[in-house]
Amino acid sequence: MAELTGNYVEGIGRRKTSVARVRLYPGGGEFVVNEKPFDQYFTRPMDLALVQGPLNVTGLRQRFTVSVKVLGGGPTGQADAVRHGLARALAKSDESLHPVLRKSGYLTRDARIKERKKPGLKRARKAKQYTKR
């Protein structure tokens, strides 16, 4: 892995309980997640496609070296958090990309999270089965 020094642009992405800190360094083309190449960290093809979405839409795959630290949640939540953080960082690096990323839906925070368990129920909404006799 190349030594990452100098100025960078940072974006924070969130999804469910996952939080990703994405840093864009000029030049390179490397993509590292938690100190591993991103295709080793995200093994499912769907997650790989999600993570690369903002770079593919803007056509800036080789212009930046991307460094990501992601914590919490599961693989899909982490992939969505990385995508959100990457889109935010790209929008911050160049304001002209903002409309393209907004139209593609990459800048919108997905607010869906697990609903809390309610008292008297088994889960958030599941109640005990009613028995007539």
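Things to note:
- Among the candidates VAL22, VAL66, VAL70, residue that is modelled with pLDDT of 90 or more, surrounded by 19 or more Cβ atoms within 10 Å (Cβ to Cβ) and over 30 Å from GLU115 (Cβ atoms): VAL66
- The stretch 25-49 - residue that is surrounded by 19 or more Cβ atoms within 10 Å (Cβ to Cβ) and touching a Lys or Arg at 6+ places or on another chain (Cβ under 9 Å) and, of those, modelled with the highest pLDDT: VAL33
- One residue stands out among those in the stretch 77-123 that are in contact with a Ser or Thr (Cβ under 9 Å, 6 or more places away or on another chain) and among the β-branched types (Val, Ile, Thr): the one that is nearest to ARG44 (Cα to Cα), which is VAL82.
- Qualifying positions in the stretch 99-133 - basic (Lys, Arg), assigned to a loop (DSSP other than H, G, I, E, B) and within 30 Å of ARG83 (Cα to Cα): ARG109, ARG112, LYS114, ARG116, LYS117
- Strands (runs of 3 or more DSSP E) fully within the stretch 1-97 counting 3 or more residues that are touching a residue at least 40 places away in the same chain (Cβ under 8 Å), in contact with a strand residue (DSSP E or B) (Cβ under 6 Å, 6 or more places away or on another chain) and of a type in the set (A, V, I, L, M, F, W, C): 18-26, 64-71
The values are calculated or read from the model by the stated rules, or taken from the named source; none is laboratory data. Predicted, not measured: the structure shown is a model, and the values here were computed from it. Cβ: placed from backbone, ideal geometry, glycine included. Neighbour counts: every protein chain shown.
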